[in-house]
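Below is one structure; the comments refer to it alone.
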Amino acid sequence: MSTSACEVDVLSCLPGLECPIAPEVHAQAESAHERTIAWLCATGLAPTLRHVTRLRAARVGWLVARGFPRARAWALQLASDWTALFCLLDDHVEAIASAGAVEARLAGLLAAFDAAAGPDGDPLAAALADLRRRMDRLAPARWVDRFRARLGELFACFTAEAGFRERGAPPALAAYLALREVSVGLHVLFTFTALTEAIDLPAEVLAHPAIASLERRASNVVGWANDILTYEKEVAQGEVLNMVVVLQAAHGHAPREALARVIARHNAEVQAFLAEAAALPSFGEHDAAVARHVAVLRAWIPGHLAWGVETGRYRPRAGE
């Protein structure tokens, strides 16, 4: 198999991490990114030049443009705005000390989304309410319901993670894997495929074990890669929700051995995704739409890594 440009970049950051898929990017990546920054300013989430500078450097619009390289422009923008908000929500929740306080905060934010209106002086609630109003205007009600269900799952996961942070101890491996699959946020983003690709897959097709497995594996690959490439930074911050840390606690591995095991799991998951994608069953009249949905899942694997490399999020490990 030939080595893609994405794989070369990633291997320069961490030898052993495999990405045998060439990355793509939407032609409107930069404009989507700038519009997202303008939206965050309008909602009060980027009140100073320092906030704007950090957002511009994060290039979240480019991340989404790599995950949805063939999206309709308006849907790409909606996905970009949500993803930037997701990142800010993640940071916000991690700064809250107790799981009870996290649960209460997220319940309030869900209420703002459900009502399409938030209390004055709460930019996060205002942004969620604005997203809900735009979704109601642009997307079918059943799609909004599906997004809301995934959002609820994500917020429940955030609360569970807050409990482990509060206790200062990592979860068991099985519990961590279930949390990480959701907390990386891709299950929410995968709902956007219906909008970005202009496809309308029935619920029974989306719930088919073959599709569900591909979504789970794509989420795992991105979540585990993030854990691998942010491990040193997160350990320095005292983070317990990292797969390398979880393996060290569960099996007594030395840091380097635990890291190698997570890399091996990541690489095996990439290969399992590719094998399952190549062996999908037929869905009859929905085959073309399924193929477009799966193409988005596939695009997120190298897209996330390419974004991390180009933004400097993933730096070479010291001494390697």
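The values are calculated or read from the model by the stated rules, or taken from the named source; none is laboratory data. Quick caveat, the model's predicted, so the values are computed rather than measured. Using ideal geometry, Cβ is built from the backbone for each residue, glycine included, and neighbour counts are taken over all protein chains shown. Accessible surface is based on the protein model in full, side chains and every heavy atom, while ligands, DNA and RNA are left aside. Shrake-Rupley method; radii C 1.70, N 1.55, O 1.52, S 1.80 Å.
How do the pairs read when you match residues in the range 202-220 that are farther than 16 Å from residue 146 by Cα and open to solvent by 40 Å² or more (accessible area, probe 1.4 Å) with residues anywhere that are of a type in the set (Phe, Trp, Tyr) and part of a helix (DSSP H, G or I), using Cβ under 6 Å and keeping only pairs 6 or more apart or on different chains?
Final answer for the pair search is 217/273.
When residues of the range 246-273 are filtered for being open to solvent by less than 30 Å² (accessible area, probe 1.4 Å) and either touching a strand residue (DSSP E or B) at 6+ places or on another chain (Cβ under 8 Å) or within 29 Å of residue 95 (Cβ to Cβ) (or both), how many remain?
6
I want to confirm something. Restricting to the range 83-100 and keeping residues that are more than 20 Å from residue 238 (Cα to Cα) and either more than 21 Å from the chain's Cα centre (by Cα) or small (Gly, Ala, Ser) (or both), which single residue is surrounded by the most Cβ atoms within 10 Å (Cβ to Cβ)?
Top of the filtered list is 84.
Give 130, 122 a once-over and let me know the one that is touching a residue at least 24 places away in the same chain (Cβ under 8 Å), out of contact with any strand residue (DSSP E or B) (no Cβ under 9 Å at 6 or more places or on another chain) and open to solvent by 10 Å² or more (accessible area, probe 1.4 Å).
Working: 122 fails: touching a residue at least 24 places away in the same chain (Cβ under 8 Å).
Every option except 130 fails the conditions.
Which residue, of 146, 150, 133, 105, is within 23 Å of residue 37 (Cβ to Cβ) and in a helix (DSSP H, G or I)?
On the way: 146 fails: within 23 Å of residue 37 (Cβ to Cβ); 150 fails: within 23 Å of residue 37 (Cβ to Cβ); 105 fails: within 23 Å of residue 37 (Cβ to Cβ).
When all the criteria are applied, what remains is 133.
Would the range 45-59 turn up any residue that is under 14 Å from residue 124 (Cβ atoms), outside any helix (DSSP H, G or I) and either open to solvent by less than 60 Å² (accessible area, probe 1.4 Å) or touching a Ser or Thr at 6+ places or on another chain (Cβ under 6 Å) (or both)? Walk me through it before giving the result.
Step one: of the range 45-59, the residues under 14 Å from residue 124 (Cβ atoms) are 45-47, 51.
Okay, now just the ones that are also outside any helix (DSSP H, G or I), so 45-47.
Still in the list and also either open to solvent by less than 60 Å² (accessible area, probe 1.4 Å) or touching a Ser or Thr at 6+ places or on another chain (Cβ under 6 Å) (or both): 45-46.
Within the range 45-59, one or more residues are under 14 Å from residue 124 (Cβ atoms), outside any helix (DSSP H, G or I) and either open to solvent by less than 60 Å² (accessible area, probe 1.4 Å) or touching a Ser or Thr at 6+ places or on another chain (Cβ under 6 Å) (or both).
For the range 163-195, enumerate the residues that are of a type in the set (Gly, Ala, Ser), over 11 Å from residue 243 (Cα atoms) and assigned to a loop (DSSP other than H, G, I, E, B).
Correct list: 168, 169, 185.
From (1) without any contact (Cβ under 8 Å) to a residue 40 or more places away in the chain; (2) on the phi > 0 side of the Ramachandran plot, pick out the condition that doesn't hold for residue 168.
(1)
Can you run down the residue pairs with Cβ atoms below 7 Å, 6 or more apart or on separate chains, where the first is in the range 278-296 and in a loop (DSSP other than H, G, I, E, B) and the partner is open to solvent by 20 Å² or more (accessible area, probe 1.4 Å)?
What qualifies is 280/210; 281/210.
Have a look at 32, 112, 73 and point out the one that is open to solvent by less than 20 Å² (accessible area, probe 1.4 Å) and touching a Ser or Thr at 6+ places or on another chain (Cβ under 9 Å).
32
Considering only the range 272-283, I want to know if a residue exists there that is farther than 19 Å from residue 186 by Cβ, modelled with pLDDT under 95 and in contact with a helix residue (DSSP H, G or I) (Cβ under 6 Å, 6 or more places away or on another chain).
The answer is no, given that none of the residues of the range 272-283 is farther than 19 Å from residue 186 by Cβ, modelled with pLDDT under 95 and in contact with a helix residue (DSSP H, G or I) (Cβ under 6 Å, 6 or more places away or on another chain).
So residue 227 passes all but one of these: (1) crowded, with 22+ Cβ neighbours inside 10 Å; (2) at pLDDT 95 or above; (3) of a type in the set (Asp, Glu). Which condition number does it fail?
Every listed condition holds for residue 227 apart from (2).
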